[in-house]
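The values are calculated or read from the model by the stated rules, or taken from the named source; none is laboratory data. Everything numeric in this text was worked out from a predicted model, so none of it was measured. Because the Cβ atoms are built from the backbone with ideal geometry, glycine has one as well, and the counts that use them run over all protein chains shown.
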Amino acid sequence: MAEHHSGPVDVGASMDYPEHEKTYLMFLSASKYGTLFCVALLIAMAAAFFTTMGFFSSLVLFILLNVAGFFFLR
């Protein structure tokens, strides 16, 4: 059964909030740029498969989309 405490309960070590914020910002950045990579890849694949662009032209499109997206998402 649960024990009943009448005094303050020890909740562990104090929280390191700057480290939490740094980790959260890193997660947001990885999510943002990961989404950019996936969207650029899908657009380049659609251009390669459904148009007459070919592999190398769609590769250039993929690189340009990533560079432009990185510039606009900074």
Assess whether Tyr17 counts as being at pLDDT 90 or above and of a type outside the set (Gly, Ala, Ser).
no
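Of the residues in the range 43-74, how many are free of Cβ contacts under 8 Å to residues at least 12 places away in the same chain and part of a helix (DSSP H, G or I)?
15
Among the residues of the range 13-42, count how many are free of Cβ contacts under 8 Å to residues at least 40 places away in the same chain, surrounded by 13 or more Cβ atoms within 10 Å (Cβ to Cβ) and either out of contact with any helix residue (DSSP H, G or I) (no Cβ under 6 Å at 6 or more places or on another chain) or among the hydroxyl-bearing types (Ser, Thr, Tyr) (or both).
Qualifying residue count, the range 13-42: 3.
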